[in-house]
Amino acid sequence: MENQETKGIDFRCYLRHYPDAQGYFGRFGGAYVPAELEPAFKEITQAYHSICHSAQFINELRRIRREFQGRPTPVYHCERLSRLNGGAQIYLKREDLNHTGAHKLNHCMGEGLLAKYMGKKKMIAETGAGQHGVALATAAAYFGLECEIHMGEVDIAKQAPNVTRMRMLGAKVVCVTKGQKTLKEAVDSAFEAYLRDYKTAIYCIGSVLGPHPFPLMVRDFQKVVGDEAREQFIEMTGILPDVVCAAVGGGSNSMGMFPAFLNDPVELVGVEPLGRGDGVGENAATMAFGTEGVMHGFNSIMLKDTNGEPAPAYSVASGLDYPGVGPEHAFLRDVGRVSYATVSDDEAVDAFFKLTRCEGIIPALESAHAVAYAMRRAKEMGTGAILANCSGRGDKDVDFVAEHYGFGEDR
């Protein structure tokens with residue numbers, strides 16, 4: 001797919017050239033880390049590049065995905081939801097059926113395998129909605145490693161079931177009480193912990209964020225989602241979808257979906273959380289309201305306050321309330337290949353109930369943003385097909401939704 005903006009980029013070999021050796025996607029990305037951490041990130045980069053093309057590593061990861069994770073996950077046609085919206089047909093990539101209930105395990109098992117290869121004893125990470133935390137705790141248990149998860153106090157209260165699961169799996173959950181007490185502060189806390197323990201631990205960021213090589217690694221481990229989905233959709237329908245969409249917080253599930261379709265005549269849309277509105281601290285729609293800046297060790301687009309510092313972020317979906325976005329997303333928007341839209345809390349909650357009642361699928365609130373966008377576009381398009389990534393299941397959200405929104409009887 002080539003237009004004036006994307007001209008000059010050959011998407012047939014895109015993954016070979018982006019990021020470059022320094023971890024940049026165009027001007028976005030890089031590795032802005034304290035001097036004492038530079039050797040640690042160099043060690044991770046060298047270790048990843050030494051095994052990412054290893055047949056032994058790849059075959060072991062494939063075995064884990066097949067026998068432990070339950071991959072491949074299916075593509076599902078939402079016939080009743082499509083009929084309700086009276087337009088284009090809506091399909092879901094069912095990452096909610098991946099073991100632990102979300103796409104996060106795709107990269108966590110890869111990072112766990114890398115940690116074993118490097119001889120590390122401990123995995124350190126942050127989490128927002130808790131899905132990354134559960135997935136990493138699962139990977140740590142599988143590989144016999146220690147696990148430390150940093151989570152904001154607000155999210156701990158909101159995502160209690162996932163906190164219980166992490167602890168049952170043997171992880172130490174660190175409650176972060178600074179600032180807004182959500183995902184951004186959890187990342188800060190996890191980085192500080194890694195700085196103290198980098199010789200025996202590996203940092204396992206939960207999205208396509210952070211210093212190089214993490215945006216590259218997480219994308220590579222997640223792209224199995226889109227690879228499967230493209231093949232499955234063609235097998236089901238004989239054609240490609242017209243639109244592929246996925247929710248974007250940091251951007252891991254969407255960067256799992258998009259690469260497989262980059263060279264196809266398919267519209268790619270990242271769906272950001274508009275939250276309660278367009279004011280500072282009312283949303284986490286980085287692409288809509290952010291500007292370029294450096295945060296958490298990489299250059300990308302970020303929400304800023306009046307002092308140019310990271311602004312408070314908000315979404316009803318804890319996994320999306322991050323004031324930045326992965327550098328590859330910023331690049332793909334810059335070159336015109338991926339567009340970004342917003343969905344409000346109210347729209348996401350409505351989609352949560354609609355999918356639950358129409359199809360018997362309870363999505364994560366994060367995934368409900370992608371479903372809401374698919375419903376909106378289905379009505380606008382009238383015909384055609386939309387493939388949305390259902391990145392996680394909503395077990396973690398049902399108590400919160402019931403308490404604040406009831407059971408959807410009036411929808």
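The values are calculated or read from the model by the stated rules, or taken from the named source; none is laboratory data. The structure displayed is predicted, hence computed values, not measured ones. Using ideal geometry, Cβ is built from the backbone for each residue, glycine included, and neighbour counts are taken over all protein chains shown. Areas reflect the complete protein model, heavy atoms only, side chains present, ligands, DNA and RNA absent. Shrake-Rupley method; radii C 1.70, N 1.55, O 1.52, S 1.80 Å.
If the condition is being surrounded by 24 or more Cβ atoms within 10 Å (Cβ to Cβ) and assigned to a loop (DSSP other than H, G, I, E, B), then region 121-148 contributes Gly128, Ala129, Gly130. Close contacts from region 387-398, counting a first residue that is without any contact (Cβ under 8 Å) to a residue 40 or more places away in the chain and a second that is open to solvent by 10 Å² or more (accessible area, probe 1.4 Å), with Cβ to Cβ under 7 Å and a gap of 6+ residues or different chains, come to Val398/Ile362. The residue that is least open to solvent (accessible area, probe 1.4 Å), among those in region 222-241 that are touching a helix residue (DSSP H, G or I) at 6+ places or on another chain (Cβ under 7 Å) and closer than 20 Å to Thr383 by Cα, is Pro241. The condition (being touching a His at 6+ places or on another chain (Cβ under 7 Å) and among the β-branched types (Val, Ile, Thr)) is satisfied by just one residue among Val225, Val154: Val225. Scanning region 322-344 for residues that are open to solvent by 10 Å² or more (accessible area, probe 1.4 Å) and either closer than 21 Å to Ala102 by Cα or hydroxyl-bearing (Ser, Thr, Tyr) (or both) returns Ser339, Tyr340, Thr342, Ser344.
The residues in region 139-159 that are out of contact with any Gly (no Cβ under 9 Å at 6 or more places or on another chain), of a type outside the set (D, E, K, R) and touching a residue at least 24 places away in the same chain (Cβ under 8 Å) can be counted, and the count is 1. Looking across Thr45, Thr73, one residue alone is open to solvent by less than 30 Å² (accessible area, probe 1.4 Å), of a type in the set (Ser, Thr, Tyr) and not in a loop (DSSP other than H, G, I, E, B). It is Thr45.
Determine if region 100-108 includes at least one residue that is over 18 Å from the mean Cα position of the chain (by Cα), closer than 30 Å to Lys181 by Cβ and crowded, with 19+ Cβ neighbours inside 10 Å.
No: zero hits.
I'm trying to understand the selection: among the residues of region 361-409, which are part of a helix (DSSP H, G or I), more than 17 Å from Gln131 (Cβ to Cβ) and under 18 Å from the mean Cα position of the chain (by Cα)? Lay out the reasoning, then the answer.
As a first pass, look at region 361-409 and keep what is part of a helix (DSSP H, G or I): 365-381, 395-405.
Cutting the leftovers down to more than 17 Å from Gln131 (Cβ to Cβ) gives us 372-381, 402-405.
Passing the criteria: Ala372, Tyr373, Ala374.
Suppose the filter is free of Cβ contacts under 8 Å to residues at least 40 places away in the same chain and of a type outside the set (Phe, Trp, Tyr); does Arg337 pass it? Don't jump to the end; show me each part of the working.
Numbers: free of Cβ contacts under 8 Å to residues at least 40 places away in the same chain: no; of a type outside the set (Phe, Trp, Tyr): yes.
It is false that Arg337 is free of Cβ contacts under 8 Å to residues at least 40 places away in the same chain and of a type outside the set (Phe, Trp, Tyr).
Residues considered: Leu92, Leu15. Of these, the only one that is among the aliphatic types (A, V, I, L, M) and either in contact with a strand residue (DSSP E or B) (Cβ under 8 Å, 6 or more places away or on another chain) or buried (at least 16 other Cβ atoms within 10 Å of the Cβ) (or both) is Leu92.
Residues considered: Lys178, Lys184, Lys199, Lys172. Of these, the only one that is basic (Lys, Arg), under 13 Å from Glu126 (Cα atoms), over 21 Å from the mean Cα position of the chain (by Cα) and open to solvent by 10 Å² or more (accessible area, probe 1.4 Å) is Lys172.
Filter region 387-401 for residues that are among the hydrophobic types (A, V, I, L, M, F, W, C) and open to solvent by less than 30 Å² (accessible area, probe 1.4 Å) and give the result.
First, pick out the residues of region 387-401 that are among the hydrophobic types (A, V, I, L, M, F, W, C): 387-388, 390, 398, 400-401.
Selection gives Leu387, Ala388, Cys390, Val401.
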